Amino acid sequence: MAHPTQLGFQDAASPVMEELLHFHDHALMIVFLISTLVLYIIVAMVTTKLTNMYILDSQEIEIIWTILPAIILILIALPSLRILHLMDEINNPHLTVKAIGHQWYWSYEYTDYKEIAFDSYMVPTPDLAPGQFRLLEVDHRMVVPTEAPVRVLVTAEDVLHSWAVPALGVKMDAVPGRLNQTAFIASRPGVFYGQCSEICGANHSFMPIVVEAVPLKYYQDWSTLMLEDA
């Protein structure tokens, strides 16, 4: 999860988030090179006395500064389109979870099972156990298996919400009357935190999202226990 004074992204916990981090570094390097070139040109124009009359009307320079930006845009667009395709493609999910946004909590339904459904409320500060994070911990976590494609169906019951977990590279709007879907693969075990990323009302800051990724064996034990409790 994020920590104070952190400047970069959270550590990637899914293949899509790893691709997003690579694309961020790729685009940032291009922006850095462009900014350096522009700064150099500005300094040169301010500090140099121009005496070459031909430089004021040069077809070659005009061709270069027309073609070069087009090439740069292509170098940015192609990786971006590839990642958008990867984020939108959902093939044979092993598990489907329906996340429903309410004012102001989330409820989850495991649609592959008949009786696994629960509400996920933020744990109040006085009830936090040692090691838990204030405003981020919930009473019931969304548990998923690692290294398995998980599809999340996202909707809302009242107003706009947004189901977002930065470490997994997932962010999907929850719209009343509409069923959106996204997917992720948790590449390692861990507990990943997120929050509603849509301004949904007075308690918008108090509906966190917690996804716990566990190995398949432990997930099977958890699902069996949930079915027995139901």
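Of all the options Pro145, Pro126, Pro208, the one that moves most in a Gaussian network model of the chain with Cα springs shorter than 10 angstrom is Pro126.
The modelled label-to-label distance for the pair His140/Met29, using points 7 Å beyond Cα in the direction of Cβ, is 4.7 nm. Between Asp112 and Leu7, the modelled label-to-label distance comes to 4.2 nm, taking each label 7 Å out from Cα in the direction of the beta carbon.
Taking a Cβ cut-off of under 14 Å around Phe133, the surrounding Lys, Arg, Asp and Glu residues balance to a net charge of -2, with basic ones at +1 and acidic ones at -1.
Name the residue, out of Val152, Val123, Val43, whose mean-square fluctuation peaks in a Gaussian network model built on the chain with Cα pairs under 10 Å. Largest GNM mean-square fluctuation: Val43.
Comparing Asp25, Asp57, Asp127, which has the greatest mean-square fluctuation in the GNM of the chain with Cα pairs linked when under 10 Å apart? Highest fluctuation among the options: Asp57. Lysine pair count for the chain with Cα-Cα distance under 30 Å and sequence separation of 8 or more or different chains is 6.
Considering helices alone, the calculated mean residue ellipticity of the chain at 222 nm is -12000 deg cm²/dmol, with DSSP H runs of length four and up weighted by -39500 (n - 2.57) and normalised per residue.
Ordering Ser205, Ser107 by how much accessible area each has at a 1.4 Å probe, largest first, what is the list?
Values: Ser205 65, Ser107 10 Å².
From most accessible down to least: Ser205, Ser107.
Let me know the shape class of segment 15-88, please: from the alpha-carbon gyration tensor, a ≥ b ≥ c as square roots of the eigenvalues, rounded when a/c is under 1.5, otherwise prolate if a/b is greater than b/c, or oblate. Oblate, since a/c reaches 1.5 and b/c is not below a/b.
The values are calculated or read from the model by the stated rules, or taken from the named source; none is laboratory data. This is a predicted model, so every value here is computed, not measured. So basically every Cβ, Gly included, is an ideal-geometry build from the backbone, and we count neighbours across all protein chains shown. Surface areas here come from the heavy atoms of the whole protein model, side chains and all, with no ligands, DNA or RNA. Shrake-Rupley method; radii C 1.70, N 1.55, O 1.52, S 1.80 Å.
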